[in-house]
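Here's the structure we're looking at; comments come further down.
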Amino acid sequence: MSERSAYDHDSGEGLLSVEETRERVLAKIEPLPPLELPLTDASGCVVAADVLSGVDLPEFASSAMDGYAVRAADLRDAAPDDPIELKVVGKALIGQRPEATVGVGEAVQIATGAPIPAGADAIIPIEDIEGGGDRVRILRPVAEGKHVRPSGEDVKQGDVLVPKGKRLGAPELGLLANAGVPHPLVHPRPRVIVLSTGDELIPPTESFTFGQVRDSNAYTLFGALREAGAIPVLAGIVKDDPESLKDTVFSYEIQADAFVSSGGVSVGERDVVKAAFFGRGDVDFYRVAMQPGMPQGFGLVEGKPFFGLPGNPVSVFVSFEMFVRPAVLKMMGRVQLVRPEITATLSEDVAGPKGKTQFARVEVVRGPDGWTATPTGGRGSNLISTVARANGLAVIPMGTGLAPAGSRVKVMLFRASED
Ligand code: AMP
Ligand code: MG
């Protein structure tokens, strides 16, 4: 990426757009090679090829009622004043191949879910018969197929159970289990190593000395990665020196599918990241026309994506949403990579830098006249509580210095409405 020394923060001159940055990132991301995983691990993963059924579902015709399996043709002339008597020749039980067959003038007692015995084509529910033991009387004709669950009614052998590209949710998992597909071929969840860089950082569990900063980014990223479907691995805090960064990254390299670091990409600090990967990776630094989150690092380290996010907590969240999340979803074989957007009416003025896209933290609420977006606090990229109170990022496009109250804006929703 070419670097421009002369740029102007507010005009956006010399900055890459968010979309272009995302495209450059996504161009280097491939879905992870598919694996056959057990259903419990494959839950939430995207199938890598059409999953075909090797069987009919249901696999055998069964009874939908407790009663008697009969031949409909035997009962054509049955009437309340002229019942037809059938000879009971056996029982059909659940989970067993019926031994008895139903010949002319015969019936077999059957339980709900039991396979239909050969020769029968209808079920008379127990409450519709008279008698019992080895003789039953039936008062009415029955249609062929009545109360019979035919085999193959749900799925035919060779049908597509789950198409390529579909994510395995609850019903798909149940369907695959039912069809005897215990190890579907899916794109696995990426294992993403999370690092926090900064000499001032301490873990939230440690006692605090004035001037230190508790590492919040690792936890924001942990939650965001997990929510996106990845497997986050916290690698802890790394000092601002190339050796520490290099040692940490390479100690996790074998298990990593990607890395996300925060901090150390501002102009004064990025030399650390550059020096750490010299020769073994290629991390570029971008200035993106967005606020927050202007400085971004991205590249491949030993062939694995490395995201160098800025250190400010809000920038981390927004950068994750714009670049890391779509990349993680692509690695998982997902197709829809960006968040759903709604259009909302701003309840207050939102000022932004003219030359950048501003992502304003807002709470959107649905009212009788559509969605309303209310900013949750100031613009500062250190104000993490403003994200915690928000459920969306309002997109104030480049070129808009001020989005006035009452104007309509696009909002990317990052929480499900029931959360
Ligand atoms: P940097 O991008 O490293 O210059 O960091 C920008 C600001 O974010 C500084 O005030 C840092 O102290 C703060 N910061 C960096 N990393 C973290 C972190 N992991 N958790 C909380 N704040 C951080
Ligand atoms: Mg730093």
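The values are calculated or read from the model by the stated rules, or taken from the named source; none is laboratory data. Keep in mind the model is a prediction, meaning the values are calculated, not measured. In this analysis, Cβ positions are derived from the backbone assuming ideal geometry, glycine residues included, and neighbour counts consider all displayed protein chains. Ligands, DNA and RNA are stripped out before the accessible areas are found, and what is left, the full protein with its side chains, is counted by its heavy atoms. Shrake-Rupley method; radii C 1.70, N 1.55, O 1.52, S 1.80 Å.
If DNA, RNA and ligands are ignored and the probe is 1.4 Å, what is the ranking of SER43, SER207, SER261 by accessible area, most exposed first?
Numbers: SER43 45, SER207 100, SER261 0 Å².
Descending order: SER207, SER43, SER261.
For the chain, what is the percent of antiparallel DSSP beta bridges, rounded to the nearest 5?
Working: 60 of 87 bridges.
Taking every DSSP beta bridge within the chain, about 70 percent pair in antiparallel fashion.
Determine the share of the stretch 160-202's accessible area contributed by carbon and sulfur atoms, expressed in whole percent, with a 1.4 angstrom probe. Walk me through the numbers before you get to the answer.
Numbers: 1010 of 1800 Å².
Of all accessible area on the stretch 160-202, carbon and sulfur atoms account for 56 percent.
Which parts of the stretch 225-244 would a label at ARG270 reach, counting a residue when its backbone N lies under 13 Å from a point 7 Å out along Cα-to-Cβ?
It comes to no residues whatsoever.
Just the number, please: carbon plus sulfur as a percent of the accessible area of the stretch 211-302, 1.4 Å probe, no ligands or DNA/RNA counted.
The nonpolar share, carbon plus sulfur, comes to 52 percent.
Around PHE259, which amide H atoms from residues at least 5 apart in sequence, or from another chain, sit under 5 Å from its own amide H, with H modelled in the peptide plane?
HN-HN under 5 Å from PHE259: ILE193, PHE306, PHE307.
Amide H to amide H under 5 Å from VAL102: which residues, 5+ apart in sequence or cross-chain, H placed 1.01 Å off N in plane?
Close amide H contacts, sequence-distant or interchain: ALA118, GLY119, ALA120.
With only Lys, Arg, Asp and Glu charged, each at its Cβ (+1 for the first two, -1 for the last two), find how big the charge dipole of the chain is about the Cα centre; round to the nearest 20 debye.
Details: 42 positive and 55 negative charges, 182 e Å.
Around 880 debye, computed over the chain.
Please turn the phi angles of the stretch 393-399 into ³J(HN,Hα) values with the Karplus equation 6.51 cos²θ - 1.76 cosθ + 1.60 (θ = phi - 60°), one per residue in order, whole Hz, x for glycine and proline.
Coupling constants for the stretch 393-399: 10, 7, 9, 9, x, 3, x Hz.
Can you pull the accessible area of GLU30 for me, 1.4 Å probe, Å² to the nearest 10?
Looks like 130 Å² after rounding.
Ratio of the chain's C-alpha Rg to 2.2 N^0.38 Å, to two decimals?
Details: Rg = 31.9 Å, N = 419, 2.2 N^0.38 = 21.8 Å.
Rg over 2.2 N^0.38 Å, computed on Cα atoms: 1.46.
Show me the three semi-axes of the equivalent ellipsoid for the stretch 217-375, from the C-alpha gyration tensor (sqrt of 5 times each eigenvalue), largest first, rounded to whole Å. Intermediate results must be reported in sequence, preceding the final value.
On the way: eigenvalues 200, 67, 33 Å².
Each semi-axis is √(5λ); the values are 32, 18, 13 Å.
Please state the charge dipole magnitude for the stretch 332-386, taken about the Cα centre, from unit charges on C-beta atoms (+1 on K and R, -1 on D and E), reported in debye and rounded to the nearest 20. Spell out each step's value before the answer.
Working: 7 positive and 5 negative charges, 66 e Å.
It comes to approximately 320 debye.
Mind checking the alpha-carbon convex hull of the stretch 15-171 and giving the volume per residue in Å³? Let's see the in-between values first.
Working: hull volume 25.6 nm³, N = 157.
Output value, Cα hull per residue: 163 Å³.
What spacing in nm lies between the two simple spin-label points modelled at THR40 and LYS239, each 7 Å away from Cα in the Cβ direction?
For the pair THR40/LYS239, the computed spacing is 4.3 nm.
Could you look at the stretch 314-408 and say what percent of its accessible area is carbon and sulfur, using a 1.4 Å probe and all protein chains? Present the calculation step by step, with values, prior to reporting the outcome.
Values: 2080 of 3830 Å².
Carbon plus sulfur share of accessible area: 54 percent.
Would you mind checking the radius of gyration and Dmax of the stretch 55-95 based on alpha-carbon positions, in Å?
In order Rg, Dmax, the Cα atoms of the stretch 55-95 give 13.9, 45 Å.
How large is ³J(HN,Hα) for each residue in the stretch 195-204, as worked out from phi by the Karplus curve 6.51 cos²θ - 1.76 cosθ + 1.60 (θ = phi - 60°), to whole Hz, x for Gly and Pro?
3J(HN,Hα) across the stretch 195-204, in whole Hz: 10, 10, 9, x, 5, 7, 7, 9, x, x.
May I ask you to order 251-257, 352-358 by the average number of other C-beta atoms within 10 Å around their residues, highest value first?
Values: 251-257: 14.3, 352-358: 21.6.
Most protected by this proxy first, the peptides run 352-358, 251-257.
Going from the alpha-carbon gyration tensor of the stretch 345-419, what semi-axes, largest first and in whole Å, does one get by taking the root of 5 times each eigenvalue? Could you put the intermediate results ahead of the total?
Details: eigenvalues 70, 48, 19 Å².
Largest first, the stretch 345-419 gives 19, 16, 10 Å.
Apply the Karplus parameterisation 6.51 cos²θ - 1.76 cosθ + 1.60, with θ equal to phi minus 60°, to every residue of the stretch 160-169 and state each ³J(HN,Hα) to the nearest whole Hz, in sequence, with x for glycine and proline.
Karplus-based 3J(HN,Hα) across the stretch 160-169 equals 7, 7, 9, x, 3, x, 8, 8, 7, x Hz.
Please list, in order, the residues from the stretch 47-82 whose amide nitrogen is less than 13 Å from a point placed 7 Å along the Cα→Cβ vector of VAL104.
Taking a point 7 Å out along Cα→Cβ of VAL104, the residues of the stretch 47-82 whose backbone N falls under 13 Å are 73-75.
Over the chain, average the accessible area per residue using a 1.4 Å probe and give it in Å², no decimals. Can you show the working numbers first?
Working: 20030 Å² over 419 residues.
Roughly 48 Å² per residue, with all protein chains present.
Under 5 Å between amide hydrogens, which residues at least 5 positions from GLN157 or on another chain qualify, with H placed 1.01 Å from N in the peptide plane?
ASP56, LEU57
Tell me which of THR197, PRO141, ALA114 sits at the most positive position along the dipole axis of the stretch 81-237, charges placed on C-beta atoms (Lys, Arg +1; Asp, Glu -1).
THR197
Starting from the exponent 0.38 and prefactor 2.2 Å, build the expected Rg for the stretch 120-217 from its residue count and divide its actual Cα Rg by it. Could the numbers behind the result be given before it?
Working: Rg = 30.8 Å, N = 98, 2.2 N^0.38 = 12.6 Å.
In units of the 2.2 N^0.38 Å rule of thumb, it is 2.45.
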